[in-house]
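Worksheet for the structure shown next.
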Ligand SMILES: NC(=O)c1ccc[n+]([C@@H]2O[C@H](COP(=O)([O-])OP(=O)(O)OC[C@H]3O[C@@H](n4cnc5c(N)ncnc54)[C@H](OP(=O)(O)O)[C@@H]3O)[C@@H](O)[C@H]2O)c1
């Protein structure tokens with residue numbers, strides 16, 4: 001089978017390997033599509049973990065495919081099931097623990113950019129029937145993170161207002177999940193040319209940062225001076241202070257992004273009773289709850305562009321250019 005491995009920053013190489021055999025509790029998945037996340041750019045550039053990226057790592061956390069063989073003790077899945085792997089296969093439910101992070105695909109453990117992978121049966125989730133493989137491959141990281149933000153803690157309520165930042169994977173899933181739950185949505189974007197796309201995707205109001213430099217003030221005006229109930233914060237660093245200015249007293253900022261570094265002054269947030277909630281993707285229970293919502297609403301993830309397996313490096317370059325709207329996908333072994 002073919003797969004990709006990283007041999008140093010930016011050194012993505014196609015290599016050959018034997019098709020792996022599933023152990024007793026494992027399934028063998030024929031991967032049909034892989035989707036990229038901002039995190040994969042960090043791994044690609046050797047900037048992800050403090051101790052670097054392991055030489056020979058198979059990158060990418062997110063993929064979907066069909067089960068083609070099962071181990072002798074597998075009782076959760078069967079041959080033919082259409083599935084996606086979890087970002088952290090060991091996190092089944094409950095609060096996050098450090099050991100789950102070590103199991104993260106395409107980070108601590110080998111990822112999905114291969115024609116076949118084996119996975120523990122508990123780290124694999126059935127995908128909604130109406131999704132094709134490219135769409136299903138977008139779910140494990142960005143979608144579960146967005147779901148966790150809005151429903152994994154003190155959940156969003158109908159009629160509340162949610163602020164989304166940009167047009168990337170996490171933000172567009174959060175836009176969809178906020179709408180499913182009856183919230184009002186305000187989106188900001190750094191690129192004015194993406195405004196119409198956000199409106200077409202259902203955002204109730206869109207602010208383009210180049211034209212609206214003081215966007216927190218504009219968000220407050222759009223909420224009669226009150227501020228938003230939730231901020232899905234995908235930028236990080238100094239942007240957290242701006243998110244705080246856009247949030248209402250007692251609102252929630254869901255801390256997700258690592259695109260920018262910088263210190264947070266907690267004082268204004270403390271004074272205004274704003275809760276900062278750290279998010280690291282989410283457990284299996286949330287992935288399954290999210291899939292039920294996606295199936296019920298027949299929601300189709302926004303796929304920006306699909307690249308062939310042979311052009312995987314071009315897919316990374318496309319995501320790096322940040323001109324995308326939604327998810328960038330690599331097709332694997334198209335039949
Ligand atoms: N904590 C977690 O578990 C977790 C999980 C998933 C992702 N993340 C992090 O979340 C971030 C987004 O991930 P992703 O995969 O969704 O990335 P992505 O698809 O590459 O999207 C990033 C988007 O961020 C927007 N953006 C950048 N700077 C902005 C700013 N100053 N204000 C508003 N929007 C801005 C851009 O949208 P426009 O072009 O429209 O401005 C860009 O398209 C990354 O830092 C990633 O590492 C964390």
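Here are some notes:
- Look at where the Cα atoms of region 140-177 and of region 184-214 average out, and the two centres are 16 Å apart.
- P(r) tail fraction, region 1-160 - alpha-carbon pairs more than 19 Å apart, %: 55 percent
- Beta bridge orientation in the chain: antiparallel %, DSSP, nearest 5: 55 percent
- Taking 129, 66 and counting other C-beta atoms within 10 Å, the order from fewest to most: 129, 66
- For the peptides 94-100, 231-237, 177-183, 20-26, the ranking by packing is 231-237, 177-183, 20-26, 94-100, with the highest mean count of neighbouring Cβ atoms within 10 Å listed first.
- Gaussian network model of the chain, Cα within-10 Å springs - most flexible of 212, 138, 190: 212
- Between region 1-46 and region 224-249, the C-alpha centres lie 36 angstrom from each other.
- When the convex hull of its Cα atoms is projected in every direction, mean area for the chain (nm²): 16.2 nm²
- Rg ratio (alpha-carbon, reference 2.2 N^0.38 Å) - region 144-278: 0.93
- Each listed q (0.29 Å⁻¹) maps to a log10 I(q)/I(0) for region 127-192 from the Debye sum over equal C-alpha point scatterers, namely -1.23.
- Most fluctuating residue given options 296, 120, 318, as computed from a GNM of the chain linking Cα atoms under 10 Å: 296
- Reciprocal mean inverse distance between Cα atoms of region 250-335 - Kirkwood radius, Å: 16.8 Å
- Neighbour counts of other Cβ atoms within 10 Å put 261, 35 in the fewest-to-most order 261, 35.
- Residue among 65, 257, 282 with the largest mean-square fluctuation in a Gaussian network model of the chain, springs linking Cα atoms under 10 Å: 257
- Global form of region 200-256, assessed from the alpha-carbon gyration tensor, a/c cut-off 1.5: rounded
- Region 144-278: relative contact order in percent, alpha carbon pairs under 8 Å with at least 6 residues between: 20 percent
- Value of [θ]222 nm, deg cm²/dmol, for the chain, DSSP H segments ≥ 4, -39500 (n - 2.57) each, nearest 500: -6500 deg cm²/dmol
- Shown for 242, 175: other C-beta atoms within 10 Å of each C-beta, ranked fewest to most, produce the order 242, 175.
- Protection proxy ranking, peptides 71-81, 109-119, average beta carbon neighbours within 10 Å, highest first: 109-119, 71-81
Here, each number is a calculation from the coordinates, and none is a lab measurement. As the structure is a prediction and not an experimental result, all values here were calculated from the model. With ideal geometry, Cβ positions are generated from the backbone for all residues, glycine too; neighbour counts draw on all protein chains shown.
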